[in-house]
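Peer 1: Got a structure for you, questions after.
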Amino acid sequence: IPGPAGGGEGFNSTRNDMNDAVAFHAGVISHDDGLADSTLSANHRFLNPGAKVTITRVE
(Lines give C-alpha, C1' and ligand atoms only; values in the text may rest on other atoms or scores of the structure.)
Protein backbone atom coordinates (compact mmCIF):
# COMPACT_ATOMS: atom_id res chain seq x y z
CA ILE A 1 0.00 0.00 0.00
CA PRO A 2 1.85 3.11 -1.08
CA GLY A 3 1.78 5.87 1.48
CA PRO A 4 3.01 9.45 1.11
CA ALA A 5 6.59 8.27 0.45
CA GLY A 6 5.41 6.49 -2.71
CA GLY A 7 2.99 9.16 -3.87
CA GLY A 8 -0.03 7.60 -2.14
CA GLU A 9 -2.65 9.45 -0.14
CA GLY A 10 -1.59 8.44 3.38
CA PHE A 11 -4.49 8.69 5.87
CA ASN A 12 -8.00 8.57 4.43
CA SER A 13 -10.87 9.13 6.87
CA THR A 14 -13.45 7.77 4.39
CA ARG A 15 -11.65 4.44 3.97
CA ASN A 16 -13.87 1.53 5.02
CA ASP A 17 -11.91 -1.72 5.27
CA MET A 18 -14.07 -3.18 8.04
CA ASN A 19 -10.86 -4.40 9.67
CA ASP A 20 -11.35 -4.29 13.44
CA ALA A 21 -8.36 -6.42 14.44
CA VAL A 22 -5.08 -5.35 15.97
CA ALA A 23 -2.07 -7.21 14.59
CA PHE A 24 1.71 -7.12 14.86
CA HIS A 25 3.34 -5.54 11.81
CA ALA A 26 6.12 -7.62 10.28
CA GLY A 27 8.21 -4.53 9.58
CA VAL A 28 9.36 -2.48 6.63
CA ILE A 29 11.39 -3.97 3.80
CA SER A 30 13.04 -1.14 1.90
CA HIS A 31 15.18 -0.89 -1.20
CA ASP A 32 18.16 -0.85 1.21
CA ASP A 33 17.09 -4.36 2.27
CA GLY A 34 16.99 -5.61 -1.31
CA LEU A 35 13.42 -4.86 -2.42
CA ALA A 36 14.31 -3.06 -5.65
CA ASP A 37 10.87 -1.57 -6.39
CA SER A 38 10.30 -0.19 -2.87
CA THR A 39 10.07 3.59 -2.49
CA LEU A 40 11.06 3.25 1.17
CA SER A 41 14.57 3.61 2.54
CA ALA A 42 16.12 2.65 5.86
CA ASN A 43 14.88 6.01 7.23
CA HIS A 44 11.29 4.70 7.07
CA ARG A 45 11.95 1.73 9.35
CA PHE A 46 10.34 1.49 12.77
CA LEU A 47 12.30 -0.88 14.96
CA ASN A 48 10.98 0.18 18.36
CA PRO A 49 7.48 -0.13 19.82
CA GLY A 50 5.07 2.48 18.53
CA ALA A 51 2.23 1.82 20.94
CA LYS A 52 1.29 -0.02 24.09
CA VAL A 53 -2.10 -1.71 24.17
CA THR A 54 -3.64 -2.57 27.53
CA ILE A 55 -6.83 -4.63 27.68
CA THR A 56 -8.76 -4.54 30.94
CA ARG A 57 -11.70 -6.80 31.62
CA VAL A 58 -14.61 -4.77 32.96
CA GLU A 59 -17.13 -7.52 33.74
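The values are calculated or read from the model by the stated rules, or taken from the named source; none is laboratory data. A quick note: this is a predicted structure, and the numbers were derived from the prediction, not measured. Here the Cβ is made from the backbone with ideal geometry for all residues, glycine too, and neighbour counts use every protein chain on show.
Peer 1: Within the group T54, T39, which residue is modelled with pLDDT of 80 or more and touching a Gly at 6+ places or on another chain (Cβ under 8 Å)? Please lay out each step first, then the result.
Peer 2: Values: T54 fails: touching a Gly at 6+ places or on another chain (Cβ under 8 Å).
Result: T39 is the single residue among T54, T39 that is modelled with pLDDT of 80 or more and touching a Gly at 6+ places or on another chain (Cβ under 8 Å).
Peer 1: Just to be sure, is S13 surrounded by 10 or more Cβ atoms within 10 Å (Cβ to Cβ), among the polar types (S, T, N, Q), at negative phi and modelled with pLDDT of 75 or more?
Peer 2: On the way: surrounded by 10 or more Cβ atoms within 10 Å (Cβ to Cβ): no; among the polar types (S, T, N, Q): yes; at negative phi: yes; modelled with pLDDT of 75 or more: yes.
In short, no.
Peer 1: If a residue must be in a loop (DSSP other than H, G, I, E, B) and surrounded by 13 or more Cβ atoms within 10 Å (Cβ to Cβ), how many such residues does segment 21-46 contain?
Peer 2: The first filter runs over segment 21-46 and keeps only residues in a loop (DSSP other than H, G, I, E, B), leaving 21-30, 34-41, 45-46.
Now restrict to residues that are surrounded by 13 or more Cβ atoms within 10 Å (Cβ to Cβ): 28, 30, 38-41, 45.
Matching residues across segment 21-46 total 7.
Peer 1: So which pairs qualify, if the first residue must be in segment 15-27 and within 24 Å of K52 (Cβ to Cβ), the second must be part of a loop (DSSP other than H, G, I, E, B) and aliphatic (A, V, I, L, M), the Cβ gap must be under 9 Å, and the two must be at least 6 apart or on different chains?
Peer 2: Every condition considered, the pairs that remain are V22/V53; G27/L47.
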